[in-house]
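The values are calculated or read from the model by the stated rules, or taken from the named source; none is laboratory data. What you are looking at is a predicted structure, and each value in this text was computed from that prediction instead of being measured. Don't worry about glycine lacking a Cβ; one is built from the backbone with ideal geometry, like all the others, and counts go over all protein chains shown.
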Amino acid sequence: MLGGGQLGRMFVHAAQRLGYRVLVLDPDAASPAGAAADRHLRAAYDDAQALAEVARCAAAVTTEFENVPAAALRRLAQGASPAAALPVAPPADAVAICQQRAREKALFLRTDVPCAPHAVLARAADLDAAALDALLPGLLKTSSLGYDGKGQTTVTTRAELAAAWRALGGVPCVLEKRLELACELSVVVARGRDGAWVHLPVQQNLHRHGILAVTQVPAPDVAAAAAAAALAAAARLAEALSYVGVLCVEFFVLADGSLVANEIAPRPHNSGHWSIDACDVSQFELQVRTLTGLPLTPPRQHSAAVMLNLLGDLWFTRGAAAPQAPRWERVLALPGVHLHLYGKSEARRARKMGHLTITAADAGSARAVALEAAQRLDLPAF
Ligand code: ADP
Ligand code: MG
């Protein structure tokens, strides 16, 4: 596993349950996945010696973090000799596309998947194009390395656009028209080497300040036609990428019910965490199965689910000077509450520390308990 965050940690849990041993490559000594893995190799993702060690030990390689250099994945996939080539999923080329919003948008256009009106701003001169007026007010997003709303700014005028571009360091960006969203959804698909694919049910997502806050499945506000269109688009994208592994596509739903693709994650996704507790096969087990060539069965959702993200902000409520863990017993006293903590050593605002999945026999009950849990943690209602 290249990458050592919480997604890697949950992959490790799923892989170990199936009897595999996992080596995590992550430079961070406090890596959440490294702590759970059979072995944590502490080195940079492009460290030649470390990659040689991965190649020596591993039977297959995956990643949980789209900013692992695609070249590292390519190198492992090719091997020092053909005999040393390793199965790598997702493929390096797919990861390279997802690493850059500009390439991702080009993929949407190429596959007839509607996306937000946008312009690629590769250099200063691109800011002069008259066509940019039609994209304001808009969101200026760095083409690479953005996550959880980081690396993006709302801009309403040309002057603000120029200032925001400079503030982001003058790096290549995408300017996107700000759309009026009725709601947001995402789809997780898993595709095997033979091209067969399965998917999780469509997930409805609520973001606060650009960070996922709540996921509900079944999706309360998503019409069947929109769900079907999202699935078809996700399958088309996976196919176009010759994808192997787990892929998540985020969509916006507009007021008229139409769908707009937002971005692709070449890995399990925060909005799919609920599947651990509410499906017979989780997104992480799907990642294990696609990587090792085990059969893919369509995941069956056996419970309604609501997922609440637990950000570091919760450690700083009531103005405490030192971070203080929330009183988990207050939410664990509620039925169907599953607490997942990622073992991060330090709580920071806006940092994902864990999540709660609330499962129940029906969506109404899951929502009612989730609202009660949110209140007990001082989280806003939804
Ligand atoms: P990140 O990589 O940080 O997840 P996203 O591009 O997915 O960045 O943006 C995060 C959130 O910001 C989205 O889920 C959505 O709520 C909001 N957002 C992003 N782009 C737009 C847009 N063009 N119009 C309206 N809201 C947007
Ligand atoms: Mg996003």
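Just a few scattered comments:
- All told, Ala368 falls short of being in contact with a helix residue (DSSP H, G or I) (Cβ under 9 Å, 6 or more places away or on another chain) and either hydrophobic (A, V, I, L, M, F, W, C) or surrounded by 14 or more Cβ atoms within 10 Å (Cβ to Cβ) (or both).
- If you go through region 179-218 and keep only what is more than 15 Å from ligand 1 (Cβ to nearest atom), free of Cβ contacts under 8 Å to residues at least 40 places away in the same chain and farther than 26 Å from Thr62 by Cβ, you end up with nothing.
- For region 29-50, the set of residues classified as among the hydrophobic types (A, V, I, L, M, F, W, C) and either part of a loop (DSSP other than H, G, I, E, B) or within 19 Å of Gly245 (Cβ to Cβ) (or both) consists of Ala29, Ala30, Ala33, Ala37, Ala43, Ala44, listed by residue number.
- Residue-level check: of (1) in contact with a Ser or Thr (Cβ under 7 Å, 6 or more places away or on another chain); (2) modelled with pLDDT of 95 or more; (3) under 20 Å from Arg103 (Cβ atoms), Leu168 misses just (2).
- Ala320 fulfils the conditions (1) surrounded by 18 or more Cβ atoms within 10 Å (Cβ to Cβ); (2) over 24 Å from the mean Cα position of the chain (by Cα) except for a single criterion, (1).
- Selected residue (only one of Glu160, Glu104, Glu180 is of a type in the set (Asp, Glu) and within 16 Å of ligand 2 (Cβ to nearest atom)): Glu104
Residues checked against (1) over 19 Å from Ala70 (Cβ atoms); (2) at pLDDT below 95; (3) within 13 Å of ligand 1 (Cβ to nearest atom); (4) surrounded by fewer than 16 Cβ atoms within 10 Å (Cβ to Cβ):
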| position | (1), (2), (3), (4) |
| --- | --- |
| Asp112 | yes, no, no, yes |
| Leu135 | yes, no, yes, no |
| Leu140 | yes, no, yes, no |
| Gln152 | yes, yes, yes, no |
| Val155 | yes, no, yes, no |
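- A Cβ distance below 8 Å, combined with a sequence gap of six or more or placement on separate chains, defines the contacts here; from region 264-276, residues that are within 15 Å of Val217 (Cβ to Cβ) reach residues that are within 13 Å of ligand 1 (Cβ to nearest atom) and among the small types (Gly, Ala, Ser) in the pairs His269/Ser186; Ser271/Ser186; Gly272/Ser186.
- Summed over region 241-262, the residues that are under 19 Å from Ala94 (Cα atoms) and touching a Cys at 6+ places or on another chain (Cβ under 8 Å) give a count of 2.
- Breaking point among (1) within 25 Å of Ala381 (Cα to Cα); (2) touching a strand residue (DSSP E or B) at 6+ places or on another chain (Cβ under 7 Å); (3) surrounded by 24 or more Cβ atoms within 10 Å (Cβ to Cβ), for Leu254: (3)
- Matching option when the condition is of a type in the set (A, V, I, L, M), surrounded by fewer than 24 Cβ atoms within 10 Å (Cβ to Cβ), more than 16 Å from ligand 1 (Cβ to nearest atom) and more than 12 Å from Phe11 (Cα to Cα), among Leu294, Leu259: Leu294
- Considering region 231-317, the qualifying strands (runs of 3 or more DSSP E), each wholly inside and each with 3 or more residues that are in contact with a Lys or Arg (Cβ under 9 Å, 6 or more places away or on another chain) and within 30 Å of Ala77 (Cβ to Cβ), run over 245-254.
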